[in-house]
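The structure appears below as structure tokens.
Each value in this text was obtained by applying a stated rule to the coordinates, not by laboratory testing. Because the structure is predicted, anything quoted here is derived from the model rather than measured. Virtual Cβ from ideal backbone geometry, glycine too; neighbours counted across all protein chains shown.
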Amino acid sequence: MRALTARPPAGPAAVELVDVAPPEPGPGQLRVSVEAAAVNPVDVAVTTGVLVELGLTPPRERVGLGWDVAGTVDAVGPGVDVAVGAAVVGLADLLGRPLKTHAEQVVLDAVAVAPAPRGVDPVPAATVALNGLTAAQALAALALPAGASVLVTGAAGAVGGFAVEIAHHRGLRVVAVADPADGDLVRGFGADAVVPRGADLAVAVRELVPGGVDGLVDAAVLGAAAQEAVRNGGGQAHLAPGPLPPALRGIAVHRVFVRADAARLAELVELVERGGLTPRVAATHPLSDAAAAYRRVAAGGLRGRVVLVP
């Protein structure tokens with residue numbers, strides 16, 4: 001089969017499509033015939049060696065690429081109660097695997113997949129797992145009750161947009177930070193108010209929510225600048241490696257690094273089916289044109305995900 005690999009730190013221009021033996025599932029695992037796999041900024045980061053520099057994974061000569069996947073189960077290992085032929089979405093959350101989802105087939109733990117959303121094409125379905133789980137796990141870390149307020153930075157991006165939609169679904173009052181050109185988009189996700197990117201957040205948010213918001217999902221990784229908009233004793237979900245922002249004024253800072261979670265992924269799939277979560281696709285590329293897809297993601301500025309189709 002064909003699979004995409006990289007030799008860090010060569011970068012996205014040096015990703016390589018190689019022929020390898022199909023992986024075989026072991027106990028508790030299943031194999032997915034890949035129909036679509038999103039390209040995310042973390043994939044670009046893997047190619048540049050940044051994650052090795054941060055100490056998140058040891059250096060390797062060659063690594064597999066891809067986190068998100070949508071496809072069909074074509075083999076199962078012992079102890080797996082998933083039918084061959086089932087349509088699934090899943091997340092490959094280990095950083096250093098030699099083969100990941102940017103391939104024609106991928107082996108995942110059964111606890112990393114959920115049934116694919118019914119009536120949704122595999123291409124948009126492949127954009128849900130990584131960013132949806134990141135947003136959902138960030139909100140879970142904050143543990144805000146219905147009626148509480150939450151600030152979401154980077155609200156027009158993949159994680160931020162999902163965070164706005166999930167927070168709205170949970171009955172939170174959502175203040176979103178986005179470029180003015182994205183204001184209508186973010187309000188459509190369910191934001192109650194939109195603060196223009198570049199504004200003084202502490203001032204602008206506290207005018208909307210006197211005393212400050214109860215929680216912060218910092219998808220844009222603004223750090224302390226966004227924390228100033230949080231009330232004393234509130235919470236902040238920090239979505240990046242590296243140093244944590246200072247926990248000032250009794251604010252609890254939660255490090256969120258996404259993990260596979262079949263039950264929570266199934267909840268997100270259900271929300272997609274009900275129209276409460278909006279997968280967004282910026283472009284598709286064949287697996288054979290993966291280098292162009294990676295360059296496109298590395299350039300930034302997309303509203304939606306670039307998706308590889310084997």
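Tabulated data
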item: Residue-count net charge about LEU271 - beta-carbon cut-off 11 Å; Lys, Arg +1, Asp, Glu -1; result: -1
item: Computed [θ] at 222 nm, helices only, for the chain once each DSSP H run of length n ≥ 4 contributes -39500 (n - 2.57); result: -7500 deg cm²/dmol
item: Net charge over other residues, Cβ less than 12 angstrom from the Cβ of ALA87 (K, R count +1; D, E count -1); result: -2
item: Nearest-20 debye value, the chain charge dipole, Cβ charges on Lys, Arg, Asp, Glu; result: 400
item: Dipole in debye (nearest 20) - the range 1-157, about Cα centre, beta carbon charges: Lys, Arg +1; Asp, Glu -1; result: 180
item: For the range 131-255: rounded, prolate or oblate by the Cα gyration tensor [a/c cutoff 1.5]; result: rounded
item: Residue (of GLN137, GLY223, GLY11) at the positive-pole extreme of the chain, dipole from beta-carbon charges; result: GLY223
item: Between 0 and 90°, nearest 10: helix 262-273 axis offset from the chain longest Cα axis; result: 80
item: Rounded to 5, the percent of DSSP beta bridges in the chain classed as antiparallel; result: 55
item: Order of PHE189, PHE257, PHE162 under a 10 Å beta carbon neighbour criterion, fewest first; result: PHE257, PHE189, PHE162
item: Charge-dipole axis of the range 131-255 as Lys and Arg at +1 and Asp and Glu at -1 on Cβ define it, positive-most pick from PRO196, VAL164, GLY211; result: GLY211
item: Global geometry of the range 194-241, whether rounded, prolate or oblate, following the gyration tensor of its Cα atoms and the 1.5 cut on a/c; result: oblate
item: Most mobile listed residue (ASN232, ASN131, ASN40) in the chain, GNM with C-alpha springs under 10 Å; result: ASN232
item: R0 of 22 Å, Cβ-Cβ distance HIS169-ALA266: FRET efficiency to nearest 0.05; result: 0.90
